[in-house]
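Take a look at the structure below.
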Amino acid sequence: MLGNTYTYRLANWITDLVLIQEAGFDAVALNTGPDCWQKTSADLAYQAAAALNTPLKLYWSFDMNTFPQAGDEDAAKIAAYINEYATNPFTFKVNGLPFVSTFSGDQYSSSFGKSVCGGWDYVRSLVPTDMYFVPAFFFANNQTIAGVKDCVQGLFQWNSAWSMDDGEVSKSTDLDWATQLGANKTYMAGISPTFFSHYPTEGLNKNWVYRADNNYAKRWQQATEINAPMVQVISWNDFGESHYIGPRPSSVQLQPTNTTWVNANNHLPWARITKPYIETYKTGKPAALGSDLIVWEYRTHPANATATADPMGLPERAELLKDEIYVTAYLSAPAEVRVQVGSLEGKFQAEAGLNHFTQPFAPGFVTVGMWRDGENVGGTLMGEREIVAEPALYDFNPVVEQFFHDPAWEACKA
């Protein structure tokens, strides 16, 4: 989200692009609004890509909830963004065309003063290179996939990333959209670890959490099972909705006001564990690993806890969540993974490769370690935040931690 890069300079973009490339991604969506400083930040992203000469590519994802779309002039502004970087070597292209996406863009009865397809076809007419258009439409006003198929190359189903009801996240929406689009169109599935916002009614008025039981691992598995043509991880830095997979924000200017649930929680371990998911999605299995990585996520209070100093109520759908710690172990060789929290301890037998475990939680600090041949290797690591029975504020933004062990490093002598 460019809206959360207000303080960025070239060095910040270089750091982010290196981390994203290391995680195995092919491209980065530059989700942008109409503020001129957001365009300036995007320019810096392209400068960073060029400085790194990275294989990572960039593409526009227009937030059409913020861009005006009343008529021809507004369409020309969108086209100008696309045209500036359409032939840039660091622009993500499909079939030689610059890839373009959106968040929304079909929410009104007309787009740019025309029908939805008429409006976006007009934008396309202003792009000499043409574009590979895969928007995230939400289909308000009785619109349908069939009604827009002729003006898109595909569709991104944003809300496939989470469960939108009481059930678990499912691939049924993916299959439905892919079927409706047909074989000649590109379906892009959404993948995300969680969703939680806790904004007051006098602000953004978003106080809900989606069910997200080990959601990141589940969605990667589902996208792999259906062989989704494209996937998008939501998101690198959307701090206010908790589904960022990057580090915690380095400045309060990088997030909306009143986000009490963000500053303490680093999510970068989710990015660290992404590469084997991508490799499995692309090739059927992750690469063999010479080191060991264990990533775990947990909330800092039970789902039904009562906050003692929170002016807002319990988030909607909180009752659907389970009080569990979710562990992913990506190992070079078999090992026993132990998870200790409060009075509870879990011992899990892990094989080489990817493993997933679930541990009930209790109040206390979470400690994770690994044993081979009866010996603790790499030590044990305690999470930086404690699980408490009675929080001051509601916080459904997960803590994400990592344990790393490299046998070669351990064996080297001074």
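Whether any residue in the range 144-155 is part of a loop (DSSP other than H, G, I, E, B), closer than 21 Å to ILE273 by Cβ and hydroxyl-bearing (Ser, Thr, Tyr) is what I want to check.
For the range 144-155, residues part of a loop (DSSP other than H, G, I, E, B), closer than 21 Å to ILE273 by Cβ and hydroxyl-bearing (Ser, Thr, Tyr): absent.
Would you check if there is a residue in the range 341-363 being crowded, with 16+ Cβ neighbours inside 10 Å, part of a strand (DSSP E or B) and over 28 Å from the mean Cα position of the chain (by Cα)?
The answer is yes; a qualifying residue exists.
Quick grid of which residues meet (1) out of contact with any helix residue (DSSP H, G or I) (no Cβ under 7 Å at 6 or more places or on another chain); (2) at pLDDT below 95; (3) among the hydroxyl-bearing types (Ser, Thr, Tyr):
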| site | (1), (2), (3) |
| --- | --- |
| ALA80 | yes, no, no |
| ASN83 | yes, no, no |
| PHE92 | yes, no, no |
| ASN95 | yes, no, no |
| VAL100 | no, no, no |
| SER104 | yes, no, yes |
| GLN107 | yes, yes, no |
| SER111 | no, yes, yes |
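Suppose we keep only residues that are on the phi > 0 side of the Ramachandran plot and of a type outside the set (Gly, Ala, Ser) within the range 93-115. Which one would you say is least open to solvent (accessible area, probe 1.4 Å)?
PHE112
Give me the pairs, please: first residue somewhere in the range 20-44 and under 24 Å from VAL94 (Cα atoms) and of a type in the set (Asp, Glu), second residue anywhere and open to solvent by 10 Å² or more (accessible area, probe 1.4 Å) and in a strand (DSSP E or B), beta-carbon distance under 9 Å, and either six or more positions apart or on two chains.
If the second residue must be open to solvent by 10 Å² or more (accessible area, probe 1.4 Å) and in a strand (DSSP E or B), the pairs left are ASP26/LYS57.
Just give me the residues in the range 199-209 being part of a loop (DSSP other than H, G, I, E, B) and under 19 Å from the mean Cα position of the chain (by Cα), in sequence order.
Scanning the range 199-209 gives a single hit, LYS206.
Based on what the data block shows, is THR7 surrounded by fewer than 19 Cβ atoms within 10 Å (Cβ to Cβ), of a type in the set (S, T, N, Q) and without any contact (Cβ under 8 Å) to a residue 40 or more places away in the chain?
no
Identify the single condition in (1) of a type outside the set (Lys, Arg); (2) at pLDDT below 95; (3) part of a strand (DSSP E or B) that ALA212 does not satisfy, given that it satisfies every other one.
Evaluating ALA212 over (1) of a type outside the set (Lys, Arg); (2) at pLDDT below 95; (3) part of a strand (DSSP E or B) leaves (3) as the failure.
Residue check: is GLU390 among the charged types (D, E, K, R) and free of Cβ contacts under 8 Å to residues at least 60 places away in the same chain?
no
Looking only at the range 30-84, filter to residues that are surrounded by 17 or more Cβ atoms within 10 Å (Cβ to Cβ) and β-branched (Val, Ile, Thr); which one of those is nearest to GLY3 (Cα to Cα)?
If we take residues in the range 30-84 being surrounded by 17 or more Cβ atoms within 10 Å (Cβ to Cβ) and β-branched (Val, Ile, Thr), then THR32 is nearest to GLY3 (Cα to Cα).
Can you name the condition, by its number, that ASN266 falls short on among (1) more than 27 Å from PHE99 (Cα to Cα); (2) open to solvent by 10 Å² or more (accessible area, probe 1.4 Å); (3) more than 15 Å from the chain's Cα centre (by Cα)?
(3)
Across the range 394-407, what is the number of residues that are open to solvent by 70 Å² or more (accessible area, probe 1.4 Å) and at pLDDT below 95?
0
When the residues of the range 199-209 are filtered to those that are open to solvent by less than 40 Å² (accessible area, probe 1.4 Å) and modelled with pLDDT of 95 or more, which remaining residue is nearest to VAL169 (Cα to Cα)?
The selected residue is VAL209.
Please name all residue pairs, on different chains or six or more residues apart, with Cβ atoms under 7 Å, provided the first residue is in the range 87-105 and is within 15 Å of VAL127 (Cα to Cα) and the second residue is basic (Lys, Arg) and open to solvent by less than 50 Å² (accessible area, probe 1.4 Å).
Within 7 Å, no pair qualifies.
Being in a helix (DSSP H, G or I), open to solvent by less than 10 Å² (accessible area, probe 1.4 Å) and in contact with a Lys or Arg (Cβ under 9 Å, 6 or more places away or on another chain) is the filter here; which residues of the range 173-198 pass it?
The one that is in a helix (DSSP H, G or I), open to solvent by less than 10 Å² (accessible area, probe 1.4 Å) and in contact with a Lys or Arg (Cβ under 9 Å, 6 or more places away or on another chain): LEU181.
Restricting to the range 307-317, count the residues that are under 25 Å from ASP165 (Cβ atoms), open to solvent by 70 Å² or more (accessible area, probe 1.4 Å) and in a loop (DSSP other than H, G, I, E, B).
1
Could you figure out which of (1) open to solvent by less than 30 Å² (accessible area, probe 1.4 Å); (2) assigned to a loop (DSSP other than H, G, I, E, B); (3) within 23 Å of VAL327 (Cα to Cα) isn't true of SER170?
Failing condition for SER170: (1).
Residue check: is THR274 open to solvent by 40 Å² or more (accessible area, probe 1.4 Å) and hydroxyl-bearing (Ser, Thr, Tyr)?
no
The values are calculated or read from the model by the stated rules, or taken from the named source; none is laboratory data. Note that the coordinates shown come from a computational prediction; the quantities given were computed from them, not determined experimentally. Backbone-built Cβ (ideal geometry, glycine too); neighbour counts: all protein chains shown. In case anyone asks, the SASA skips ligands and DNA or RNA and just uses the protein heavy atoms, side chains included. Shrake-Rupley method; radii C 1.70, N 1.55, O 1.52, S 1.80 Å.
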